[in-house]
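**Student:** First, the structure itself, so that you have it in front of you.
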Amino acid sequence: MSDLIPFIVAKYNYWIYITLMMIGLYAMIAKNNLVKKIVGMNIFQTAIILFYVSIGAKKGATIPIIEHAHGDAHGAVSHTIEIAHYINPLPHVLMLTAIVVSVATLGVALALAIKVYNRHKTLEEDEIIDQIKGI
Amino acid sequence: MRMIALIIIVLSGGLLLYATQDFPQWADPASPASLHLSPHYIQKSMEETSVPNLVTAVLADYRGFDTMFETTVIFCAGVACFMLLRISRQTPEDRYYRHISTGVTIHIKDGGKIPDKSKEFERIDTMWTPFDLVIKTVCRFLIPFIQLFALYVIAHGHHSPGGGFQGGVILGASIILLAISHNLRTATKRMNEKLIGLLCVTGVFIYAGTGALCLLIGLNFLDYSALASVLFLDPVSARSFGILIVEIGVGIAVMATMIWIYNNVSSAGKYDEGL
């Protein structure tokens, strides 16, 4: 037990997103209601987004916008750029698009759920299966 | 089912937690992710594109193809919602009207209606909607400022956090706020369905068209330095302007898609009564 706590604390960011991801996965597999499954999918996506953003972090670094005065926006920067001074921009780019795409997929999933509800008058998975089997 | 799910979760979760042993420490500057590509982006992007915001530079220039197809994915999601839900022929429905001066509500059955331009009656949703003067007034004052802020976020994406995706979502949210605070009919009167569809396509077209223009001038697809001869600029500034054009396209497409998805999902494709 005394070994476990430093082990968790050292990498607590990964523990957080793995827990979130597993909550989402459990909701997607085990829940009976389709809307709850969609909520599970969104929790899963949030976990992935947190993972990427935490990869991009650097100790003692600032946001990835090069410091510049008003005049030198075009072309050369007068001072040299320290790599350790700015965090990694790439994960932020990937997640920027992923957030908007996750909203779009949420829209499509909800549209499908509305269609299912219109036909079967329920969103419970077992009742839909019973109706399809004709019981 | 619950047992199987629990077993899967425990197994895969345990496997992932075991794998974190090999992962770099939190915020380690020497982690593998920040060793290979990101030094190039951080050091070179200012002299190659003259955009101080590295996220914008990487998004629209270095990873231009990726972002173009992300925009296409969003457009496809909007079209999918429309195709799944939109019902053009309507069955006769019950309508509710409120007499404005007295507050009396009337219920008209089987598709009867009072003309929309009537000054004495206003149409209300089937679910009971009380007078909400405070919400309506506050939202009417707020929406122009939200839209102004969204334009700032799009236009100032080169120098501060922001860009097409963020600004587009804020613009879309302002119209959705109008639909929530008043009703869906007010919002679709301002921003009708045809306009939304056209804007959606226009945004993607601006992005892909900029790329195709570069191809026509004689450089690679989405190589904005080709625009130098069209914009009468040096190649580095042309890249900066190319990124701005592309961001505007992304903003238009994202805004239109957000409103389109909201309209279709909230009214189940009838465009009649929203949330």
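**Student:** Just checking, does segment B:183-191 include any residue being free of Cβ contacts under 8 Å to residues at least 12 places away in the same chain, part of a helix (DSSP H, G or I) and closer than 22 Å to B:Phe82 by Cβ?
**Tutor:** yes
**Student:** Counting only residues that are touching a strand residue (DSSP E or B) at 6+ places or on another chain (Cβ under 6 Å) and not in a loop (DSSP other than H, G, I, E, B), which one in segment B:100-137 is farthest from the other protein chains (Cβ to nearest Cβ)?
**Tutor:** B:Phe121
**Student:** Could you give me the residue pairs with C-beta distances under 6 Å whose first residue belongs to segment B:109-137 and is exposed (fewer than 11 other Cβ atoms within 10 Å of the Cβ), whose second residue is in a loop (DSSP other than H, G, I, E, B) wherever it lies, and which are 6+ apart or on separate chains?
**Tutor:** B:Lys109/B:Asp94; B:Asp110/B:Pro92
**Student:** For segment B:257-275, which residues satisfy the criterion of being small (Gly, Ala, Ser) and within 12 Å of chain A (Cβ to nearest Cβ)?
**Tutor:** B:Ser266, B:Ser267, B:Ala268, B:Gly269
**Student:** Something else about it: Restricting to segment B:55-74, count the residues that are facing chain A (nearest Cβ under 9 Å) and farther than 14 Å from B:Gly164 by Cα.
**Tutor:** 4
**Student:** Please go through segment B:148-174 and pick out each residue that is assigned to a loop (DSSP other than H, G, I, E, B), buried (at least 23 other Cβ atoms within 10 Å of the Cβ) and within 10 Å of chain A (Cβ to nearest Cβ).
**Tutor:** The one that is assigned to a loop (DSSP other than H, G, I, E, B), buried (at least 23 other Cβ atoms within 10 Å of the Cβ) and within 10 Å of chain A (Cβ to nearest Cβ): B:Gly163.
**Student:** Looking only at residues in segment A:76-128 that are in a helix (DSSP H, G or I) and polar (S, T, N, Q), which one is farthest from the other protein chains (Cβ to nearest Cβ)?
**Tutor:** Checked segment A:76-128; the qualifying residue farthest from the other protein chains (Cβ to nearest Cβ) is A:Ser102.
**Student:** For A:Met21, work out the one condition from (1) assigned to a helix (DSSP H, G or I); (2) open to solvent by 40 Å² or more (accessible area, probe 1.4 Å); (3) facing another protein chain (nearest Cβ under 8 Å) it doesn't fulfil.
**Tutor:** The failed condition is (2).
The values are calculated or read from the model by the stated rules, or taken from the named source; none is laboratory data. Only a predicted model underlies this, so the values are computations on that prediction, with no experimental measurement involved. Neighbour counts are summed over all protein chains in view; Cβ atoms, including those assigned to glycine, are modelled from backbone coordinates with ideal geometry. Note: accessible area is taken over every heavy atom of the protein model, side chains too, but ligands, DNA and RNA are not part of it. Shrake-Rupley method; radii C 1.70, N 1.55, O 1.52, S 1.80 Å.
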